[in-house]
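Single-structure report; data block below.
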Amino acid sequence: MWCLGLTGGIGSGKSYVSRLFAALGVPLYEADSQAKLLYECDNRLRDNLISLLGDSIYLNGVLQKEVMAAKIFGDHSLLEQVNQLVHPAVMCDFSMWKAQQKASYVIMESAIILETPFASAMDKILTVSAPMAVRLERLCGRDHSSVEDAQLRIERQWSDAMREAKSHFVICSDGVTPLLPQVLEVHRVMSLLNE
């Protein structure tokens, strides 16, 4: 079974594009939402995070995101240690999920596929790209953040050009170019890989 990694920067429209693939019947693994579940239900991950960051990051078994963020904010070394705990847990969960699927290919959606070990598990990479002005408008409307804050969040991530250079497919999500024909073409190509 082939794996398509679907990625894109914040505000690019990758979640919407992933839902279009899901509507076509493609099994979709949303890495960010699954990681949030693993924080709560993966005892080994929870214990390792507590060992690293202290008891205060959990309250009644629930991850205190603000506490964790405050501990790792600005500490690149600590952030990397957290990632070294979380990413393998997500990959293990993805592998178990994938083994249960019945399809010619599956999708893992994550903004950070190319920056993590997730990339090595993907057969193909799809980047969803959008112009900066469109991304800023989406972020400000969705999160009610200022243009400056939205721009800072975008600048902390890889650029569209960096993602596109490492991708097999690129979907333009500029709010003008129709998405469905682009999605259908990628779906067609991915569906033919097993033939």
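For the chain, the longest principal axis of the alpha carbon atoms and the long axis of helix 132-143 meet at an angle near 50°.
Taking every DSSP bridge with both residues inside the chain, close to 10 percent are antiparallel. Note on LYS166: lysines with a C-alpha under 22 Å away, same-chain residues under 8 apart excluded, are LYS14, LYS124. Derived from the Cα gyration tensor, the three semi-axes of the equivalent ellipsoid of the range 31-100 are 21, 14, 10 Å, largest first.
With angles folded into 0 to 90 degrees, how steeply does helix 179-192 sit against the dominant principal axis of the chain? Use alpha carbons for both and round to 10. In the chain, helix 179-192 runs at an angle near 90 degrees to the longest axis.
Values in this text are rule-based calculations from the coordinates and carry no lab data. Treat the numbers as computed from the prediction; the structure is a model and nothing was measured.
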